Amino acid sequence: MQYKKSYFTIALAALLLIAFLGTSIISYLITHDSLRDQIAEESLPLTSDNIYSEIERDLLRSILISSLMAHDTFVRDWALAKEEKSEPIIRYLEEIQKRYETTTAFYVSERTRRYYHPNGILKTLSEDDAGDQWYFRVRNMNDPYEINLDFDTADRSRLNIFINYRVIDFNGNFIGTTGIGLSVTQVADLIESYQQRYNREIYFIDREGQVTVRGSHYEGPDRIQERSGMERIFPRILSNPSTSISYERANGKTVYVNSRLVPEMNWYLIVEQAQSDTDSRILGAMLANIVIALMITTLVLIIAWISFNRYRRRLEEMASTDKLTGAANRHVFEIIFEHDLPAARRNNTPVSLLSLDIDGFKPINDTWGHDCGDAILRSFTEIVRDHIRSSDTLCRWGGDEFLVLMNGVDMEETERRAEIIRTAIQDHPFRCGKETLNITISIGIVEHAAGESLAEMLKRADTALYTSKKQGRNQTSRA
């Protein structure tokens, strides 16, 4: 199935590429006499999109690596073991840096505030040090990670793009921050490549108009406000996330400008092209762009295919579903919960949780054997799945305990659905060989409270489940 999905992805990408190339050629033939519109509305934005897409690709890959580090059992076990030895985590970070070719890799402990790096323990962070404020910001934020532009702790002269990922222990407690860094010089190399390829001037500016990253052929002052002809248009660039505009230099040349805000870096990507630079070579440049786009797309597909095979092995090890029942496992359930909860907050919709436990399951295993118990668990899962929505998440939390996460459902509706499930289980004849068993379940239901963690919500659900057990089983209770 995974291979079929990969083949489909490659085929779709090829079709998109063909469509893109065909559109580019037709667009050129139609707009040959409208060169100004083509440069201002198509060529420059396309260059900007390509650069932005490559930056986004590197950032998404970096976020995935940082997420794997933050959820790595080794990292959490080592931190919870009170960091008795620093050598294991240092070797781990060194391996991450080498394997994924990152500029840096790090782990900061909440318990000791030590900054671990492939080169060793670099420092102990302090709230009084302005250079350490990033950590305390990450510690207090709700999102699992942030993308931050900052100077490298190992080399204060090097500006990096950091993925700072919160590390949570098995009980939901914050125990540190880990992640990787990408050097801004990689962005400069990308700019240099595109400048040579498209013969356009490309650079980044901050929100004050200061030029931050440029190619080797950049000519002009360090602030765009001081650039000839741009003193009239720079307020429009700095006040809009995306702009296409033109200006005239002192020598009379018309220059077309495309600007785009890169929110992850809080910088503007500026792409410029003078009209006279393309008048005599527009056809040749277009054909060259098509060939280069074809080569880049092919290369990206090859790299994506290789990366897919490499990461697939790792993802298979993480096993997103329970092998016996096909329900989501704990790891996936926690990810879905952390993803759905912010969306529910934004939409002001409730999030409810059902905790389901099969009554007297251990005696069934002891009497009829584990094969019978496994068959009951599989049938139980199918029945529950038939009575919940496709948007709901069913998880086998452990043994015969299951969870159902429901979005947009209040307590009354949750209780109604829980009763439907309970009745369906009660009325279903479960087969164990030639014998038919009557199975019942107890259910506890809760609705997420503001500021409540998953662990706290589960504790309330367990309390409600215990109430159902205590009151005679085969019933639903709320907390």
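The values are calculated or read from the model by the stated rules, or taken from the named source; none is laboratory data. None of these values were measured; they are calculated from a predicted model. Positions of Cβ are generated from backbone atoms using ideal geometry, with glycine treated the same way; all protein chains shown enter the neighbour counts. Areas reflect the complete protein model, heavy atoms only, side chains present, ligands, DNA and RNA absent. Shrake-Rupley method; radii C 1.70, N 1.55, O 1.52, S 1.80 Å.
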## Note on the structure
Given a 1.4 Å probe, the accessible area of region 382-425 per residue, as a whole number of Å², is 42
### Message
Tell me the per residue accessible area of region 190-231 using a 1.4 Å probe; a whole number in Å² is fine.
### Response
46
### Query
In region 122-226, what GluC sites (Glu not before Pro) fall in a loop by DSSP, with at most 11 other Cβ atoms inside 10 Å?
Glu127, Glu208, Glu219
## Note on the structure
Of the listed links Lys85/Lys123; Lys82/Lys123; Lys362/Lys469; Lys82/Lys459, those spanning more than 20 angstrom between alpha carbons are Lys82/Lys459
### Query
With a ≥ b ≥ c the root eigenvalues of the C-alpha gyration tensor of region 177-218, is it rounded (a/c under 1.5), prolate (a/b larger than b/c) or oblate?
oblate
### Task
Could you pull out the GluC sites (Glu not before Pro) across region 88-125 that fall in loop regions by DSSP (anything but H, G, I, E, B) with no more than 14 other Cβ atoms inside 10 Å?
Glu101
### Message
What does the C-alpha gyration tensor say about the overall shape of region 314-418? Classify as rounded when a/c is under 1.5, otherwise prolate if a/b is larger than b/c, or oblate.
### Response
oblate
### Query
In nm, what is the difference between 0.36 nm times the number of residues separating Arg473 and Glu231 and their Cα-Cα distance?
79.5 nm
### Message
Tell me whether region 344-479 comes out rounded, prolate or oblate; compute the Cα gyration tensor, take square roots of the eigenvalues as a ≥ b ≥ c, and use a/c under 1.5 as the rounded threshold.
### Response
prolate
### Message
Only sites in a loop by DSSP and with at most 14 other Cβ atoms within 10 Å count here; which trypsin sites (Lys or Arg not before Pro) in region 69-142 make the cut?
### Response
Lys82, Lys85, Arg111
## Note on the structure
The answer for Leu437, listing residues at least 5 apart or on another chain whose modeled amide H is closer than 5 Å to its amide H, is Phe430, Arg431, Cys432
### Query
When the Karplus curve 6.51 cos²θ - 1.76 cosθ + 1.60 is applied with θ = phi - 60°, which whole-Hz ³J(HN,Hα) does each residue of region 132-137 get, with x for Gly and Pro?
9, 5, 4, 5, 6, 5
### Query
In region 433-478, what percent of the accessible surface is made up of carbon and sulfur (1.4 Å probe, ligands and nucleic acids excluded)?
48
### Task
In whole angstrom, note down how far apart the Cα centers of region 134-187 and region 364-419 are.
38
### Query
Carbon-plus-sulfur fraction of the accessible area of region 135-201, 1.4 Å probe, in percent?
44
### Query
Between Arg385 and Lys82, what length in nm is gained on full extension when 0.36 nm per residue of separation is reduced by their alpha carbon distance?
104.9 nm
### Task
For region 42-140, report the accessible area per residue in Å² (1.4 Å probe, heavy atoms, rounded to an integer).
48
